[in-house]
Amino acid sequence: MKGCKDFSVKKREGQLNKYNITSYSNYLNVGIVLGTSENGTISDCRCYDNHDDGIRINSCNDCNVLNCDVYDNGDDGIDLSWAPCTNNIISGNNCNNNRHGIVLYQADNNYIYENNLFSNSGYGIYPWDSSNNLIYHNNLNNTNNAQDENTNLWYNATIQEGNHWSDYTGTDGNDDGIGDTPYSIPGGNNQDLYPLMYPFEMYYILNISLDNHEVNETTTFNVTVKTLGGTVVPYAQVLFDDQIYFTDSNGITVITAPSVIEDTVYQIIAIKPGYTSDNDTILVKNVPQESVRAFIFGKITNLSSQGDYIQFEAVKTRVIIFSPFSFITYVSGEKFTIPNDYIGRMIISSRYMYIIALCKILI
């Protein structure tokens, strides 16, 4: 790298971080120039008010331009030029109000992706005499958003997502956040097959959807996790009532509401690495149960008390109900709730808990 007004760094293996470029450079009126370099990084810079380009990358391989604000420059915000100029990554940059957003000239096999904003310029992205560049997850709002007479890929075929175009006129009939028809790139036959209906960043913010925000206890309900852009999110973690669930390939997980003594609000949290989490609440409603007079005795476990009620689970428990008469033995952990004014005894030994009681049972 050379010619920057306020500092100098080595050409190779260089890192330029958090510098503010506030005036003209001494090299062709360009803010920052990286030339014949490998593995260099320009990040967290402000480049503005230059007569020519904001950032120029000449004959560089494996370099990065990351998270820079590049604006109000007389020519290109970012310029990649002169072979060999390959395998460079342009990501997270804000290029606004330049003559053009980014121009590539004889620069093949580069990556322009992940939340670049190209706005208020003549051309947003212009690969001129450049091919095999991967371009996706960019937001474009310019007089002419793109021009491409060559062969470049304007979407990620694996995840089936492209770019957000301010002049896209297609629709999204299935509400999956991806346009139903391709966006045609002017200048040739290239297309963005998966145009984003919303700005890119909305596709990495989770959004919980519930069929109903009120459910009865012990009933099942669906939690659907999508992004704000509308795409489903498989394998997201959903936290509910101190348990972890995972969404399926359709972004859905099925949860069973717990038993509650009274109406209770529970929080639902959705998280996934690389995404902004979301949370919502659901009201689990207590369903009044019919109580019957019964005689109960046997071995129990997981004894607990909530308000006026006692809860436990059967290990081997017999229940005699008088009207209508029935005698049932429970051995598989069925849950019972009885009022705490029962007549009888509970015996807690070092190994087991036992009950013998005349009481009402909620069924």
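Projecting each Cα onto the charge dipole of the chain (Lys/Arg +1, Asp/Glu -1 at the beta carbon, about the Cα centre), which of 358, 86, 136 comes out farthest on the positive side?
358
Taking neighbour Cβ counts within 10 Å as the exposure measure, how do 338, 320, 57 sort from fewest upward?
Least crowded to most crowded, the residues run 320, 338, 57.
Roughly how compact is segment 252-302, stated as its Cα Rg over 2.2 N^0.38 Å to two decimals?
1.82
Got a sec? Charge dipole of segment 206-285, +1 on Cβ for Lys and Arg, -1 for Asp and Glu; which of 256, 271, 216 is way out at the positive end?
Towards the positive end, the residue furthest out is 271.
Which trypsin sites (Lys or Arg not before Pro) in segment 292-363 sit in a loop by DSSP (not H, G, I, E or B) and have at most 10 other Cβ atoms within 10 Å of their own Cβ?
When the trypsin sites (Lys or Arg not before Pro) of segment 292-363 are filtered for loop state and at most 10 Cβ neighbours within 10 Å, 351 remain.
For segment 278-363, state which GluC sites (Glu not before Pro) are in a DSSP loop and have at most 10 other beta carbons lying within 10 Å of their beta carbon.
Within segment 278-363, the qualifying GluC sites (Glu not before Pro) (loop, at most 10 other Cβ atoms within 10 Å) are 290.
Of the beta bridges DSSP finds with both residues in the chain, what % are antiparallel, to the nearest 5?
55
Positive end of the charge dipole of the chain (Lys, Arg +1 and Asp, Glu -1 on Cβ, about the Cα centre): tell me which of 235, 348, 73 has its Cα farthest that way.
Of the listed residues, the answer is 348.
Can you run phi through the Karplus equation (6.51, -1.76, 1.60; θ = phi - 60°) for segment 186-196 and list ³J(HN,Hα) in whole Hz, with x for Gly and Pro?
x, x, x, 10, 6, 9, 8, 6, 10, x, 7
Can you count the Lys pairs in the chain whose Cα atoms are under 26 Å apart, with each pair 8 or more apart or on different chains?
So the count of such lysine pairs works out to 14.
I want the antiparallel fraction of DSSP beta bridges within segment 146-267, as a percent rounded to 5.
The antiparallel fraction comes to roughly 95 percent.
So for segment 291-362, averaging the separation of alpha carbon pairs under 8 Å that are six or more residues apart and normalising by length, what relative contact order in percent results?
Once normalised by length, the contact order is 38 percent.
For residue 241, what residues show an amide H to amide H distance below 5 Å, using hydrogens built from the backbone and excluding near sequence neighbours?
Result for residue 241 returns 267.
Please state the charge dipole magnitude for the chain, taken about the Cα centre, from unit charges on C-beta atoms (+1 on K and R, -1 on D and E), reported in debye and rounded to the nearest 20.
1820
Rounding to the nearest 20 debye, state how big the charge dipole of segment 206-285 is about its Cα centre with +1 on each Lys and Arg Cβ and -1 on each Asp and Glu Cβ.
360
Using Cβ counts within 10 Å as a stand-in for footprinting exposure, how do 277, 37, 43 rank, fewest first?
Listing 277, 37, 43 from fewest to most nearby Cβ atoms yields 277, 43, 37.
Let a ≥ b ≥ c be the square roots of the eigenvalues of the Cα gyration tensor of segment 291-362; is it rounded (a/c under 1.5), or, if not, prolate (a/b larger than b/c) or oblate?
Oblate is the answer for segment 291-362, as a/c is 1.5 or above yet b/c matches or exceeds a/b.
In the Gaussian network model of the chain, springs joining C-alpha atoms below 10 Å, which of 108, 263, 278 carries the largest mean-square fluctuation?
Result: 263 has the largest fluctuation of those listed.
Which residues' amide hydrogens lie under 5 Å from the amide hydrogen of residue 70, considering only partners 5 or more residues apart or on another chain, with H built in the peptide plane?
Hits under the 5 Å cutoff: 47, 94, 95, 96.
Distance in nm between label sites at residue 322 and residue 82, each 7 Å beyond Cα in the beta-carbon direction?
Computed distance between label sites residue 322 and residue 82 equals 10.1 nm.
Counting Lys and Arg as +1 and Asp and Glu as -1, what is the net charge of the other residues whose Cβ lies under 13 Å from the Cβ of residue 219?
Result for the neighbourhood of residue 219: -2.
Please list the non-local residues whose amide H lies under 5 Å from the amide H of residue 151, H modeled 1.01 Å from N, same-chain partners needing a gap of 5 or more.
The list, which skips near neighbours in sequence, is 132.
What distance in nm lies between label points placed 7 Å from Cα along the C-beta direction at residue 169 and residue 348?
In this crude label model, residue 169 to residue 348 measures out at 7.5 nm.
Every number here is computed from the coordinates shown, using simple stated rules; none is lab data. Model, not experiment: these values are computed from the prediction. All Cβ positions, glycine included, derive from the backbone under ideal geometry; neighbour counts span all protein chains shown.
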